[in-house]
Amino acid sequence: MKRSYIREILDAINENTISFAGGLPNEDLFPLKQLKKASKKVFKQKNSLQYSKSQGLDSLREKIANFYTNIYALPTTKEEILITTGSQQAFDIILKSLHANNLVVESPSYIGALSAFKILKKDIKDFKTIEQLENIINKDEIFYCVSDYQNPSTYTYTKKQREKIANILEKKDAFLIEDAAYSLLNFQGKIKKPICKFYSEKSYHLGTFSKIVAPGLRVGWIRANKELIGNILAVKESLDLHTSTFNQMLLDAYLEENNIFKHINKNAKNYKKRMNYMADCMEKYLPNFQFKRPKGGMFIYGKFNNIEDSMALAKKALEQNVAFVPAEVFYFDEKKSNEARFNFTNCDFEKTKEGIKILAKLTK
Ligand code: PMP
């Protein structure tokens, strides 16, 4: 088994590295003061250190269900929510419950999902156009996608495309895993309706507090109908019994006392500035890198016109203490690529400029 290339880069990074590699939220934006206040309240409750329900804390699930009802206009009850240890765990839970099923993934696709799928030895097919999906997906197979600000491509499906995907999956009686890791982190204040709004029967919608509060808490969730939740509960139990009681109670207390959407909007504004700064630097110093400015999320994705293999460039760049992620790791067949992903949320402005200038020199 191979480790994720990104986690290997993260290991190689030191205090001198200018890193555009990991998808790390900016630590200065973590709501530390508010979490500290909430933690005092939680520590007063002895059961915060006790075992708890596998499906997750009732009051936290209720609040997440309310997000769906109010933000996505998708009426949801707490019985349709299962708390996971980060949304990464959701891949394992769902795939183990659907053990015989093959997968269709976007190309490129989220590396963490690909590694979970590969370890579980699923047959993976990639798709490039929605029209093609109809021809390659079969009954009970699984379509995995990130519907907003995809990691890495930053692509966001239009409403028409969402409806079309839903129609195809319904017609083919296939499963949907819709990963919404970045859906709430948008720069325009507009939240799109998820694909599962148009096809709820065999769909799992994955959410996480990682990108909107703090990833170290490792709290995410799956939204699915009661029957599917019932089927996956045994797998969740087998993996870790339940997600950290303390961290769930901490988030619950935080959500009780704070308006999370105010916090998300503040983060999105900050990230938009960082994205525009990085994009300006790229246009000025790295004109051979072609990309579109994303409307949300944490990455700029594009391709180099003047090089063929972004992995070779990434290796050279790392020697000069600049890290980014070459796209071949996002393709399930690891084909050579001139594409690359740059994270803009976690690097200050001066360092961003310096890093882009170093890449400009290396690609001349
Ligand atoms: N899905 C996507 C698309 C991601 O980018 C990530 C994190 N990089 C995850 C899922 C996993 O997030 P977490 O386990 O922290 O919730």
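Quick note: the coordinates plus some simple rules give every number you see, no bench work behind them. Treat the numbers as computed from the prediction; the structure is a model and nothing was measured. Neighbour counts are summed over all protein chains in view; Cβ atoms, including those assigned to glycine, are modelled from backbone coordinates with ideal geometry.
For K303, go through the aspartates and glutamates and keep the ones whose alpha-carbon is under 17 Å away, minus same-chain ones fewer than eight residues off.
Result set, ordered by chain and number: D280, E283, E328, E334, E339.
Identify, among A340, N276, F324, the residue whose Cα sits farthest towards the positive end of the charge dipole of the stretch 250-362, taking +1 on the Cβ of Lys and Arg and -1 on the Cβ of Asp and Glu, with the dipole about the Cα centre.
Of the options given, the answer is N276.
Please name which of Q88, C145, I130 has its Cα lying farthest along the dipole of the stretch 82-156 towards the positive end, using unit charges on Cβ (Lys, Arg +1; Asp, Glu -1) and the Cα centre as origin.
Q88
Classify the stretch 112-198 as rounded, prolate or oblate, taking a ≥ b ≥ c as the square roots of the eigenvalues of its Cα gyration tensor: rounded when a/c is under 1.5, otherwise prolate if a/b is larger than b/c and oblate if not.
oblate
Under a Cβ-Cβ cut-off of 12 Å, what is the net charge of the residues other than K40 that fall near it, where Lys and Arg count +1 and Asp and Glu count -1?
Once all neighbours under 12 Å are counted, the net charge is +4.
Could you work out the local net charge near R162, counting Lys and Arg as +1, Asp and Glu as -1, over the other residues with Cβ closer than 12 Å to its Cβ?
Residues close to R162 contribute a combined charge of +3.
Considering the chain as a Gaussian network with a 10 Å cut-off on Cα pairs, which listed residue, F43, F304, F332, attains the greatest mean-square fluctuation?
Of F43, F304, F332, the Gaussian network model singles out F43 as fluctuating most.
Does the stretch 1-160 classify as rounded, prolate or oblate by the C-alpha gyration tensor (a ≥ b ≥ c root eigenvalues; a/c under 1.5 gives rounded; else a/b over b/c gives prolate, otherwise oblate)?
Oblate, since a/c reaches 1.5 and b/c is not below a/b.
Pick out which of V325, V213, V235 has the largest mean-square fluctuation in a Gaussian network model of the chain, springs linking Cα atoms closer than 10 Å.
V235
Evaluate the distance, in nm, between pseudo-label points positioned 7 Å from the Cα of L24 and of L239 along their respective Cα→Cβ axes.
Here the modelled spin labels are 2.5 nm apart.
Could you tell me the center-to-center distance, by alpha carbons, between the stretch 282-357 and the stretch 150-164 in angstrom?
Centre-to-centre distance over Cα atoms comes out at 21 Å.
Test of understanding: what is the full-extension gain from E170 to L120, defined as 0.36 nm times their sequence separation minus their Cα-Cα distance?
Values: separation 50, 0.36 × 50 = 18.00 nm, distance 2.52 nm.
Separation in residues times 0.36 nm, less the Cα-Cα distance, equals 15.5 nm.
Under a crude label model (7 Å from the Cα following the beta-carbon direction), how far is E256 from Q188 in nanometres?
If labels sit at E256 and Q188, their model points lie 3.8 nm apart.
Taking the Cα centre of the stretch 225-364 as the origin, how large is its charge dipole in debye, to the nearest 20, when only Lys and Arg (+1) and Asp and Glu (-1) carry charge on their Cβ atoms? Don't jump to the answer; show the numbers that get you there.
Numbers: 23 positive and 18 negative charges, 181 e Å.
Using Cβ point charges on Lys, Arg, Asp and Glu, the stretch 225-364 gives about 860 debye.
Under a Cβ-only charge scheme (Lys and Arg +1, Asp and Glu -1), can you give me the dipole magnitude of the chain about the Cα centre, in debye to the nearest 20? Write down the numbers at each step before the final one.
Numbers: 58 positive and 42 negative charges, 207 e Å.
With only Lys, Arg, Asp and Glu charged at Cβ, the dipole is about 1000 debye.
What pairs from K128/K172; K63/K96; K37/K190; K164/K202; K53/K96; K197/K266 go past 22 Å between their alpha carbons?
Listed pairs above 22 Å: K63/K96; K37/K190; K197/K266.
Which shape class, rounded, prolate or oblate, goes with the chain when its Cα gyration tensor gives a ≥ b ≥ c as root eigenvalues, a/c under 1.5 marks rounded, and past that a/b bigger than b/c marks prolate?
Taking the square roots of the gyration eigenvalues as a ≥ b ≥ c, the chain is oblate.
Given a 10 angstrom Cα cut-off, can you work out which residue in K40, K303, K236 is the most mobile in a GNM of the chain?
K40
Need the list of aspartates and glutamates near K361 for cross-linking: C-alpha distance under 14 angstrom, and skip anything on the same chain fewer than eight residues off.
Those aspartates and glutamates meeting the cut-off are E319.
Let me have the 222 nm mean residue ellipticity of the chain computed from DSSP H runs of 4+ only, each contributing -39500 (n - 2.57), with the sum over all residues rounded to the nearest 500. It would help to have the intermediate numbers written out before the result.
On the way: 12 runs with 153 residues, N = 364.
That calculation yields -13500 deg cm²/dmol at 222 nm.
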